[in-house]
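This report refers to the structure that appears directly beneath it.
The values are calculated or read from the model by the stated rules, or taken from the named source; none is laboratory data. Keep in mind it's a predicted model, so treat the numbers as computed, not measured. Here the Cβ positions follow ideal geometry from the backbone for every residue, glycine too, while neighbour counts run over all protein chains shown. Areas reflect the complete protein model, heavy atoms only, side chains present, ligands, DNA and RNA absent. Shrake-Rupley method; radii C 1.70, N 1.55, O 1.52, S 1.80 Å.
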Amino acid sequence: MEGEIRSDPLVWAVTVPVFIFLYRMELGKIKSNGFCSRRHSHFCTLAPVHYRDKLMYHLRGAEAKRSGRETINSIGAVDIAIALKMFLFYDNNWIFCVSRFRQAENLEWGSEMKVKEVPQDKNEIYEGYGTKAAYAVDEHGQYTIVRTSGWDVEEVVLRDVLNDFAGKTAEAKKRFMEGDVSPIEYFMNKNLMDLPALSYGVGIRKWRIRRHLKPSVFGRLRGSLLKHYAEFFKTTVENFTTLKEEK
Amino acid sequence: MEQKPFRHTHAAHCESGVMSSLLTHAGFEISEPMAFGVGGGLSFAYIPFLKMGNLPVISYRMFPGMIIKKLTKRLGIEYEIRRYKDEKKAMDELDEFVRSGRIVGLRTSAYFITYFPPEMRFQFNAHNILICGKEDNEYIVSDPVFDSLQRIGAEDLRKARFARGLSAPKGYLHYPVSIPSEVDLDTQIFKAIRNTSRMMLYAPTRMIGVKGIKHLGNILMRLASKKDPKYIRHFVGNIVRMQEEIGSGGAGFRFMYAAFLQEVYARLGLPIFKETSEMMTANGDEWREVALACARVVKSKKDGIEKEDLRKIADMLAECSRREKEIFLKLRHIKSLKSEAVLHSEVSNESQ
């Protein structure tokens, strides 16, 4: 939509306070009861992001409650804000823009997970392993499968867990070098397991593994048991007992 | 046996993807959302006494294996499910199936799967894959979560099939034997949706269903005062991992269910499905907001956890719970609408 920004400063001086008033009118209220989660990008020109989200939940929720229906056809603060924005930014054809905007809004009912909005954050973890699939809505409102290279939220959360394990692994290696603990702790943390998980996976009871963690007991274990552990940890017996090949 | 070439499809979730692939290959076209919906896959459970990595399990779907059983039972498909005690026998039979050209589904442990990124090889025993061939000593795997065919060595596959632990796979193998010529999909859709709604709304404990979602929010608020920040960060991260990481198609299967409802609308034409599909999409967006808020808590460099942040997440969870309740209240009496669907199709036939 082509348009010219309105150049009259008096108009701006009047409409911008009204716009701000609309925000402040809604901001202090309790959490909305509506369920529309549309995002209107026109707000971000004038307000910080988190205000936008909060405002949307409130405005749509309040309207839904008033009208008693899920579909929003009544005029509310949002529509006034849209009209104001068009008035300010599309001087020559603002009425047309408002009607087009409303038309477009009614067509797609409001899903953030549109195809073009599926995050493609190129997660490091998926690098070289291809894409994941997610369901999203295309421009006709039809669901389709979309390949995504990841959402950074997933990466953040997974990295938190992996960093935690990495820390424990480093500590386990240090303690092994000092002779405080057997190599089992190192390999357990390296393979992203805790004691119960290891117990389930390797088929040895937790109390026995706790004993095996002591260097004195570990030194007396028979070869077949060491081989069993080493196979489960996907490494050789030599590496398992001495951590020779571990960086 | 028809030797139709197998087509690998990229899907969002392993179990529903495998069922959709298998049944389509066997001659019954079914998409992943439909397999998920009719298999009654959608659920929510906060299970505090079942722990993975010292954190309680938060499940967004039914138990592993339920989709396979329910889907095939509802569609009336003759299905073979085998478990083995003898590892060698299991691998020999698998080789026989591969030789005869039959595509079979397996359940494996993610720990031994070599084509997974190393950071994702957790101790998790419910990953479903399809075997569609063998070359030299490697099996050609159609893993629906990946976008192309993968390979795995025979020895690694054997270890993966017989890994020990919680819900051990025990060489779980399954394939369709025969598909009946008449499958009354419409009736089963109604049944499945009604079942899911009742489970979400009327589950006996407050840890399951829509009550469970709200309960999770309450638990979060209780944690704020009791546990140390590190545990809270992990707990909050766990919510997100269960929702997004374990191949759910986004928003803990909610988008997949919305896609299912949309497909049902396209098939049956009742406006209630269109409405609930849109409502479910909006609900999915809300879940994504939860994930975002949780990630912010995990990422924050502050020492302590702000109670305000947890309160925001708890509020959002309460909102999700309210929305899902609304959706399932609408869908709960779906069986009574079945006659309307018949009328609707008759009317549309007449008007054409």
Would you check which residues across the stretch A:110-130 are out of contact with any Cys (no Cβ under 8 Å at 6 or more places or on another chain), within 7 Å of another protein chain (Cβ to nearest Cβ) and on the phi > 0 side of the Ramachandran plot and list them?
A:GLY130
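Need a quick list: helices (runs of 4 or more DSSP H) entirely within the stretch A:131-240 having at least 3 residues that are open to solvent by less than 50 Å² (accessible area, probe 1.4 Å), more than 8 Å from chain B (Cβ to nearest Cβ) and among the hydrophobic types (A, V, I, L, M, F, W, C).
Numbers: elements: A:152-177, A:183-190, A:195-202, A:206-212, A:215-219, A:223-232.
Here the list reads A:152-177, A:183-190, A:223-232.
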When only residues in the stretch B:262-275 that are under 19 Å from B:ALA35 (Cβ atoms) and more than 9 Å from chain A (Cβ to nearest Cβ) count, which is surrounded by the fewest Cβ atoms within 10 Å (Cβ to Cβ)?
B:ARG267
Checked the stretch B:48-74 for anything within 13 Å of the chain's Cα centre (by Cα), buried (at least 16 other Cβ atoms within 10 Å of the Cβ) and in a loop (DSSP other than H, G, I, E, B); matches are B:MET62, B:PRO64, B:GLY65
Index of the failed condition, B:VAL141 passing every other in (1) in a strand (DSSP E or B); (2) touching a Gly at 6+ places or on another chain (Cβ under 7 Å); (3) within 14 Å of another protein chain (Cβ to nearest Cβ)
(2)
All conditions in (1) at pLDDT below 90; (2) out of contact with any His (no Cβ under 7 Å at 6 or more places or on another chain); (3) facing chain A (nearest Cβ under 7 Å) are true of B:GLN243 except (3)
Can you name every residue in the stretch B:101-125 that is within 12 Å of another protein chain (Cβ to nearest Cβ), surrounded by fewer than 19 Cβ atoms within 10 Å (Cβ to Cβ) and touching a strand residue (DSSP E or B) at 6+ places or on another chain (Cβ under 9 Å)?
B:ALA110, B:THR114, B:TYR115
Set B:ASP136, B:ASP184, B:ASP147: member being closer than 17 Å to B:SER21 by Cα, among the acidic types (Asp, Glu) and either touching a helix residue (DSSP H, G or I) at 6+ places or on another chain (Cβ under 7 Å) or modelled with pLDDT under 90 (or both):
B:ASP147
Positions within the stretch B:189-206 being open to solvent by less than 50 Å² (accessible area, probe 1.4 Å) and farther than 24 Å from B:ALA266 by Cα, in sequence order
B:MET199, B:MET200, B:LEU201, B:ALA203
Residue tally, condition closer than 22 Å to B:TYR257 by Cβ and among the small types (Gly, Ala, Ser), over the stretch A:117-139
3
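Among the candidates B:SER167, B:SER178, which residue alone is surrounded by fewer than 18 Cβ atoms within 10 Å (Cβ to Cβ) and more than 23 Å from the chain's Cα centre (by Cα)?
B:SER178
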Based on this model, can you work out whether B:LYS230 counts as among the basic types (Lys, Arg), in contact (Cβ under 8 Å) with a residue 12 or more places away in the chain, part of a helix (DSSP H, G or I) and open to solvent by 50 Å² or more (accessible area, probe 1.4 Å)?
no
Which of the residues belonging to the stretch B:276-308 are more than 11 Å from every other protein chain (Cβ to nearest Cβ) and in contact (Cβ under 8 Å) with a residue 24 or more places away in the chain?
B:ASP303, B:GLY304, B:ILE305, B:LYS307
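Condition check ((1) under 23 Å from the mean Cα position of the chain (by Cα); (2) hydroxyl-bearing (Ser, Thr, Tyr)) across all residues:
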position: B:ASP92; (1), (2): no, no
position: B:GLU96; (1), (2): no, no
position: B:ARG99; (1), (2): no, no
position: B:ILE103; (1), (2): yes, no
position: B:THR114; (1), (2): yes, yes
position: B:PHE124; (1), (2): yes, no
position: B:GLY133; (1), (2): no, no
position: B:VAL141; (1), (2): yes, no
